[in-house]
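The structure appears below as structure tokens.
Quick note: the coordinates plus some simple rules give every number you see, no bench work behind them. Keep in mind the model is a prediction, meaning the values are calculated, not measured. Positions of Cβ are generated from backbone atoms using ideal geometry, with glycine treated the same way; all protein chains shown enter the neighbour counts.
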Amino acid sequence: MSAVRTPTLTAPGAAPARRGQQTAWQRTLRRFRRNPLSVLGLCIVVFFTAVALIAPLLAHPTERNAYMIPHQGYSSDPHPPGPEHPFGTTEEQFDLYYGVIWGTRSAFLVALTVVAFGLVVALTLGSLSGYYGGWVDEVVMRVTDIFLAFPPLILAVVIVAVLGQSVRNAMIAIAAVQWPTYTRLLRAEFLRVRDMDFVEAARALGVSDFLIIMRHVVPNTIYPMLILASLDMGGIVINFAALSFLGLGAPPGYADWGQLISLSKNWILGTAGDPFQFWYTLVVPGTAIFLFVLGWNLLGDAFRDIFDPRQQGSM
Amino acid sequence: MSRFIARRLLLLPFVALGVTALIFSLTQLLTPAMRASLYITDPRQLNGLPDIIRKYHLDQPVYVQYWEWLRQVAHGDLGWSETAREPVLAAVQGFFPATFELAAYSFACILALGIWLGTASAVRKDQIIDHISRFTSISGASLPTFVWGLVLLMIFYGHFGWFPPGRLGLDADLFVRSGRFHPYTGLLTVDALLNRQWWLLWDAARHLVLPVATLTYFLTATLVRITRSSMLETLRADYVRTAEAKGLPRAVVVDRHARRNALIPVITLASLLFVGLLSGVVITETVFNWPGIGRWGVAASQQLDIPAVTGFALIFAAMLVLGNLCADVLYAVVDPRIRLR
């Protein structure tokens with residue numbers, strides 16, 4: 001939970017250092033608790049984290065690769081929820097309960113991997129570009145310009161088309177469209193911090209550039225990044241699910257919500273007397289992804305409300 | 001003003017060069033034999049693969065290849081799309097009107113609904129309409145386009161049978177392909193009007209409802225949020241208070257004084273809207289089986305139809321860059337402070 005706590009240290013308008021860390025932390029908590037939606041968001045995220053952590057206990061894996069959903073036979077018609085399959089089965093008898101539980105794990109896996117990759121690239125390029133400026137800055141910024149000239153999903157589709165479709169390649173594709181945003185934001189933060197007095201002082205003392213960046217600049221710029229990353233978790237999962245839905249991400253039977261939704265495509269019609277006969281094939285994985293993204297969006301909104309100085313005055 | 005626009009226009013060729021370079025470097029991840037498929041229109045040509053590789057310089061250094069490819073692209077030759085069974089450029093031209101029609105109607109709905117809801121919820125902050133619009137925008141941002149699209153299909157096509165997927169019904173499609181229908185623009189609703197075929201207009205409109213509703217719900221969220229916060233800020237401004245103190249009716253203050261200024265930041269974020277619209281179009285077309293560029297590009301990506309994929313990427317990059325350019329120009333027109341910089 002460091003993301004919740006640490007930003008208070010640098011948040012503009014937070015309690016001055018003399019009043020102590022505890023006070024700032026408490027103020028943040030109070031602000032946070034005042035908005036029921038933020039608390040709801042936190043609860044949802046905590047719930048999904050727990051599900052992801054204890055996935056093997058909730059749904060015991062039977063396949064060698066735990067991310068592959070077990071299925072009995074290849075009969076194509078979905079079966080409604082019953083004692084054996086609490087959420088029913090989707091096309092080709094993939095168990096929806098298992099898919100939703102382990103899908104939580106793959107959602108976290110994808111989102112955290114992409115965010116980690118984005119942060120590493122952004123820290124490297126953003127620090128070089130923001131701290132040194134000059135031609136390095138120019139080159140890095142023009143490269144991000146080119147990446148941002150594509151709608152992210154389209155670039156991701158093209159990358160997967162060229163690399164071949166697999167879970168790993170879909171993650172690479174999403175990371176490739178995510179890094180320019182992070183890099184630009186971190187560069188802007190670096191520009192803000194690099195001319196501050198304490199950096200100037202460190203430079204005057206003869207501290208090397210590397211140490212200045214690592215010890216003085218990075219700690220003061222990383223928190224906005226973490227907020228952005230938490231706002232992005234939902235978006236990354238949606239993008240990954242979209243790739244799977246378009247048939248360019250996870251293969252059929254992989255425990256991924258987008259892939260399960262893609263399997264429901266043929267079952268939205270039902271039969272003559274009962275138009276909603278196969279509702280569960282769409283509603284079950286759809287609800288899972290909706291709640292997951294909603295939780296992260298609410299939490300991200302809470303962070304923004306707390307740490308955005310412009311919002312503070314009005315609260 | 002003209003200098004501002006000229007500077008933006010001067011940047012265009014460089015962006016175009018960068019965009020083509022990125023696409024080209026991506027195709028370099030493929031083997032020469034796979035890239036040779038760019039030039040194959042018939043399976044029988046596969047026997048002459050080494051000749052094709054040599055003929056099109058695919059065994060040459062990268063910069064030679066890039067230059068050759070760029071020359072072809074500049075001549076409008078993007079290769080042969082196996083998915084569409086026609087040259088890529090012809091395919092793009094054929095699919096574009098469908099995509100444009102969908103995007104244009106959605107954009108109009110998004111603007112109207114987003115600005116109206118954003119204003120209303122700022123003016124009546126913390127009242128019912130504000131809560132409804134905030135709930136809608138939060139859920140709209142969290143519900144993936146394809147889930148929402150499928151839910152709409154399940155209800156309004158599966159249950160009620162009102163709005164079928166696709167772009168036209170069978171009869172209408174046959175009629176459009178027959179000689180009696182003159183395609184002026186490629187936009188079916190406009191063409192139906194010009195041909196005075198009212199039943200066709202009705203059919204085309206019926207097919208537009210669900211995809212447009214999907215895109216609108218998903219993208220209005222961003223616009224409502226931006227308009228609302230910008231409007232809240234403007235409503236606190238001194239000149240708004242002055243206008244109210246003068247005794248102007250509330251509606252005039254909101255519509256003439258506050259909203260016009262509140263919309264300036266909204267224009268800067270139009271880029272965000274374009275990105276969402278273009279990505280959303282690709283997914284929506286796939287969900288609703290809408291015969292546009294997005295559905296074609298996705299099908300091509302699944303089948304390693306590399307020429308089509310490069311064409312698809314280039315056209316979407318072009319649309320985004322041009323859209324952003326328009327937004328920048330509009331911004332300069334609306335806000336004189338930008339022109340002076």
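Things worth noting here:
- Entry note, chain B: relative contact order of 25 percent, from Cα contacts under 8 Å with a spacing of 6+ residues.
- Gyration tensor verdict on the stretch A:175-281 (Cα atoms; rounded if a/c is under 1.5, prolate if a/b is larger than b/c, oblate otherwise): prolate
- Peptide B:145-158 - average C-beta neighbours from other chains (10 Å radius): 6
- Of the residues A:Leu299, A:Phe190, A:His60, the one whose Cα sits farthest toward the positive end of the charge dipole of chain A, with +1 on the Cβ of Lys and Arg and -1 on the Cβ of Asp and Glu, is A:Phe190.
- Taking a ≥ b ≥ c as the square roots of the eigenvalues of the alpha-carbon gyration tensor, the stretch B:37-98 is classed oblate because a/c is 1.5 or more while a/b is no larger than b/c.
- Computed over chain B, the P(r) curve from all C-alpha pair distances, binned at 10 Å from the origin, holds 5, 20, 25, 24, 17, 7, 2, 1, 0 percent per bin.
- Between the stretch A:218-250 and the stretch B:128-163, the Cα center-to-center distance that results, in Å: 23 Å
- Gain on full extension, evaluated as 0.36 nm per residue between B:Leu9 and B:Leu193 minus their Cα-Cα distance, stands at 62.6 nm.
- The helix-based estimate of mean residue ellipticity at 222 nm for chain B, built from -39,500 (n - 2.57) per DSSP H run of four or more residues and divided by its residue count, is -23500 deg cm²/dmol to the nearest 500.
- Contact order for the stretch B:88-236, expressed relative to its length and based on alpha carbon pairs under 8 Å spaced 6+ residues apart, stands at 43 percent.
- Dipole magnitude for chain B: computed about the Cα centre from +1 point charges on Lys and Arg Cβ and -1 point charges on Asp and Glu Cβ, it is near 1280 debye.
- Summing +1 for each Lys or Arg and -1 for each Asp or Glu among the other residues whose beta-carbon sits under 10 angstrom from that of B:Asp203 gives 0.
- Theoretical FRET efficiency, 1/(1+(r/R0)^6), r = Cβ-Cβ of A:Leu269 and B:Arg124, R0 41 Å, to 0.05: 0.50
- Counted as membrane-span-like here are DSSP H helices of chain A whose alpha-carbon atoms extend 24 Å or more along the helix's own axis and whose Kyte-Doolittle mean is -0.5 or above; these are A:36-53, A:96-132, A:167-194, A:218-245, A:279-307.
- Within the listed set B:Ile138, B:Ile128, B:Ile267, the residue fluctuating most in the Gaussian network model of chain B (springs between alpha-carbon atoms under 10 angstrom) is B:Ile128.
- Exposure proxy order (Cβ contacts within 10 Å, fewest to most) of A:Ser129, A:Ser230, A:Ser166: A:Ser166, A:Ser230, A:Ser129
- Rounded to the nearest 20 debye, the dipole magnitude of the stretch B:199-341 is 700 debye, with +1 charges on Lys and Arg beta carbons, -1 on Asp and Glu beta carbons, and the Cα centre as origin.
- Other protein chain C-beta atoms within 10 Å of residue C-beta, averaged over A:291-302: 2.
- Of interest is the spacing of the C-alpha centroids, which for the stretch B:54-109 and the stretch B:232-260 amounts to 50 Å.
- Exposure proxy ranking, count of Cβ atoms within 10 Å, fewest first, for B:Val64, A:Val162, B:Val209: B:Val64, B:Val209, A:Val162
- Considering only B:Phe181, B:Phe107, B:Phe218, the mean-square fluctuation computed in a Gaussian network model of chain B, springs between alpha carbons under 10 angstrom, is largest for B:Phe181.
- On the basis of the beta-carbon distance and an R0 of 45 Å, B:Ala245 and A:Ile54 show a calculated FRET efficiency of 0.15.
- Computed helical MRE - 222 nm, chain A, DSSP H runs ≥ 4 contributing -39500 (n - 2.57), nearest 500: -22000 deg cm²/dmol
- Backbone N within the stretch A:186-227 under 13 Å of label point (7 Å from A:Arg31 Cα along the Cβ vector): A:224
- Net charge, A:Asp209 excluded, C-beta distance under 14 Å - Lys, Arg +1, Asp, Glu -1: +2
- Filtered trypsin sites (Lys or Arg not before Pro), the stretch B:80-173: DSSP coil and at most 16 other beta carbons within 10 Å: B:Arg85, B:Arg124, B:Lys125
- Sparsely packed trypsin sites (Lys or Arg not before Pro) within the stretch A:29-78, loop by DSSP, other Cβ within 10 Å at most 12: A:Arg64
- Global geometry of the protein assembly as shown, whether rounded, prolate or oblate, following the gyration tensor of its Cα atoms and the 1.5 cut on a/c: rounded
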